[in-house]
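Asks: Right, I'll just put the structure down here and ask away after.
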Amino acid sequence: MGLEGVLVGGTGVSLLGALAWALTFLVKASQTRSDAGTATVTDAAAANAALVSSLNGLQQENERLRGRVTSLEDELEARDARIDALESRVREMEARLHTEQTRLRALADELAELRQR
Amino acid sequence: MHRLRRTLDTLGLAPFEAMLGTVGIISGAATILGTAPPSIHQGLPAPMVLAWGVILIIGSLLILTGLTLQQLRVEQAGLVLLAATTLIYGAAIIVVQPAAALTPAATYVLFAAACLLRIRVLTQAMAARTLPESEAD
């Protein structure tokens, strides 16, 4: 085998070897991208789990606040009823006051009339 | 315009490699179209000349793609193919034109060596990138 035979054989071996080596690099590149994608998905899943956990906490807080609002509404209704009762009592006393003033005025008129006699 | 400027900036990080890749595309395309370099044409059988041209184009495209997208593994794959084809070219020059081989053969063989050194540098860069900062220091 002369130099030309060595060249042809060497070329074949070199090209095949280079192709194989290049393929390993491309496979590694693909694996790197795949790993990066997996890491992204894992991060997104962790973020999602954190959000779900946070949502559960917010729902509990929401229920607690709803309970508090209901209790405040009940308290407000009770106070409204008490205010209504007090107002009614004030009106009643005002009516009595008016009656007593009328009686007092009548007695004062009667007394003045007796003094004139 | 912005994209062109960004591509030029990226290629400017390794200008010799980018231009060698461009030369590879031109030379590979010429080979496929029937005007292979004389040494390759005389030293190799036709199917192997075609394979040489195709692999030269693929390697050059991978280099330019790797440079542009900053994908070091893709760039390395292209460099391997370019190293093999330039080494074969240098060897073909020595075999076919031994009298006038020294300068052109040395040029292509050393281009192949440069490609292999660049592969080594990129491997080290990737290893450094994956090391924790404390170890990198």
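The values are calculated or read from the model by the stated rules, or taken from the named source; none is laboratory data. None of the values given here were measured: they were computed from a predicted structure. All Cβ positions, even for glycine, are placed from backbone atoms using ideal geometry, and neighbour counts span all protein chains on display. Surface accessibility is based on the protein's heavy atoms, side chains included, excluding ligands, DNA and RNA. Shrake-Rupley method; radii C 1.70, N 1.55, O 1.52, S 1.80 Å.
Asks: Does B:Leu116 satisfy the condition of being open to solvent by 10 Å² or more (accessible area, probe 1.4 Å) and more than 10 Å from chain A (Cβ to nearest Cβ)?
Replies: Yes.
Asks: Continuing with the same structure: Out of A:Leu72, A:Leu23, A:Leu19, A:Leu55, report the one residue that is in a helix (DSSP H, G or I), within 14 Å of another protein chain (Cβ to nearest Cβ), open to solvent by less than 100 Å² (accessible area, probe 1.4 Å) and not β-branched (Val, Ile, Thr).
Replies: One residue alone meets the criteria, A:Leu19.
Asks: Would you point out which residue out of B:Val49, B:Val80 is within 12 Å of the chain's Cα centre (by Cα) and crowded, with 21+ Cβ neighbours inside 10 Å?
Replies: Residue meeting the stated conditions: B:Val80.
Asks: A further question follows. Looking at A:Ala29, A:Ala46, can you tell me which residue is surrounded by 10 or more Cβ atoms within 10 Å (Cβ to Cβ), more than 14 Å from chain B (Cβ to nearest Cβ) and assigned to a helix (DSSP H, G or I)?
Replies: Within the list A:Ala29, A:Ala46, the selection yields A:Ala46.
Asks: With the requirement that a residue be in contact (Cβ under 8 Å) with a residue 24 or more places away in the chain, open to solvent by 40 Å² or more (accessible area, probe 1.4 Å) and of a type outside the set (S, T, N, Q), what does the range B:92-112 give you?
Replies: The one that is in contact (Cβ under 8 Å) with a residue 24 or more places away in the chain, open to solvent by 40 Å² or more (accessible area, probe 1.4 Å) and of a type outside the set (S, T, N, Q): B:Phe111.
Let's see how each residue does on (1) closer than 18 Å to A:Leu16 by Cα; (2) in a helix (DSSP H, G or I); (3) more than 10 Å from chain A (Cβ to nearest Cβ); (4) without any contact (Cβ under 8 Å) to a residue 60 or more places away in the chain:
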| site | (1), (2), (3), (4) |
| --- | --- |
| B:Ser39 | no, yes, no, yes |
| B:Gln42 | no, yes, no, yes |
| B:Ser60 | yes, yes, yes, yes |
| B:Ile63 | no, yes, yes, yes |
| B:Gly66 | no, yes, no, yes |
| B:Arg73 | no, yes, no, yes |
